[in-house]
Amino acid sequence: TNMAAIANETRSDLSGLEDEIRRVAKVSINTAVEVAKTATALFALGQSKSQIENLLEPVTNLSIGLKTTSAEAGEFLVQTLNAFGASSEEAGKYADVIATIRTSTSLDFQKMRDSFQYLTPISRILNKDLAYTGAVIGILADNGLKAEQAGRLLGTAQQKLAKEGRSLAEALEEVNDAQKRGVKEVELLKIASDLFGKQAAKVGVVLANNVDAIEKNSQAIRDNGGALDDLVNQQLESLDAKLKI
């Protein structure tokens, strides 16, 4: 009834969604009431009834796999889909990529959410996918940069490069060439500062040292389908989870 009021529809209009809520709840540790709250939160995010029917299961599974609330998982997934111009029908695929990033990098849900907000809109403009975004932030996090700071600085750096008609790959190659010539560290930082901006110079140097790893890790994320199912199944192996189901 509450959902009907928010969606400006009648209870009978939502019968299909109600069936989907019950179906998702039956195979989840989340109760029908909890899944219904997820649907309500998705309505509040401006999603339509048909979109929510597509989103419910991926969001529920993502919340279980990432150990976060359904509302937070839903908001994150919807924002990610919007950033890449993807439809709700692709929610399962994007949720699976997010799960793969979680299992193959040091990024947890909080780190992904904090960093992706800066990078995903730019990644789409530069024709880079979510796997590439996760791989880049994962490498920066593995090298001691805080995820949110890494996302913000890299986002700013890519905007600077784009304005100058340069790609990230070209800038990293320039830094690598300077390293091969054996330039001193001070000069190398100056080159990186000129390319990426003073604050993002460290980001440029770290990525330049990991050029091969960026594409390798990106492809590994793309190829690792089914990560979300594996992650959820791991969470459901406990006796407590089985009793809840």
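The values are calculated or read from the model by the stated rules, or taken from the named source; none is laboratory data. Owing to the predicted nature of the structure, the values given are computational and were not obtained by experimental measurement. Neighbour counts are summed over all protein chains in view; Cβ atoms, including those assigned to glycine, are modelled from backbone coordinates with ideal geometry. Side chains are part of the model used for accessible areas, which takes the heavy atoms of the whole protein and leaves out ligands, DNA and RNA. Shrake-Rupley method; radii C 1.70, N 1.55, O 1.52, S 1.80 Å.
Residue 144 meets all of the listed conditions (1) on the phi < 0 side of the Ramachandran plot; (2) in contact with a helix residue (DSSP H, G or I) (Cβ under 9 Å, 6 or more places away or on another chain) but one, namely (1). Quick check, is residue 11 among the basic types (Lys, Arg), over 15 Å from the mean Cα position of the chain (by Cα) and either modelled with pLDDT under 95 or open to solvent by 20 Å² or more (accessible area, probe 1.4 Å) (or both)? Yes, satisfied.
Exactly one residue out of 102, 113, 124 is among the basic types (Lys, Arg), open to solvent by 10 Å² or more (accessible area, probe 1.4 Å), under 13 Å from the mean Cα position of the chain (by Cα) and closer than 17 Å to residue 167 by Cβ: that is 124. In summary, helices (runs of 4 or more DSSP H) completely within segment 73-170 and bearing 2 or more residues that are among the β-branched types (Val, Ile, Thr) and more than 14 Å from residue 62 (Cβ to Cβ) occur at 109-125, 130-142. Is segment 70-89 home to any residue that is closer than 16 Å to residue 124 by Cα, small (Gly, Ala, Ser), more than 10 Å from the chain's Cα centre (by Cα) and open to solvent by 30 Å² or more (accessible area, probe 1.4 Å)? Yes, because at least one residue in segment 70-89 is closer than 16 Å to residue 124 by Cα, small (Gly, Ala, Ser), more than 10 Å from the chain's Cα centre (by Cα) and open to solvent by 30 Å² or more (accessible area, probe 1.4 Å). Here's a check for you: in segment 193-216, which residue that is in a helix (DSSP H, G or I) and among the basic types (Lys, Arg) is least open to solvent (accessible area, probe 1.4 Å)? That would be 202. So is residue 219 at pLDDT below 90, open to solvent by less than 80 Å² (accessible area, probe 1.4 Å) and part of a helix (DSSP H, G or I) or not? No: the conditions fail for residue 219. Number of residues in segment 50-85 that are among the acidic types (Asp, Glu) and within 24 Å of residue 128 (Cα to Cα) equals 1.
Scanning segment 167-190 for residues that are more than 25 Å from the chain's Cα centre (by Cα), open to solvent by 30 Å² or more (accessible area, probe 1.4 Å) and not acidic (Asp, Glu) yields 176, 179, 180, 181, 182, 183, 184, 186, 189, 190.
I need a count of the residues in segment 217-237 that are over 14 Å from residue 65 (Cβ atoms) and in contact (Cβ under 8 Å) with a residue 12 or more places away in the chain. Let's see the steps before the verdict.
Here is the first cut: in segment 217-237, the residues over 14 Å from residue 65 (Cβ atoms) are 217-223, 225.
Then drop every residue that is not in contact (Cβ under 8 Å) with a residue 12 or more places away in the chain, which leaves 217-222, 225.
Matching residues across segment 217-237 total 7.
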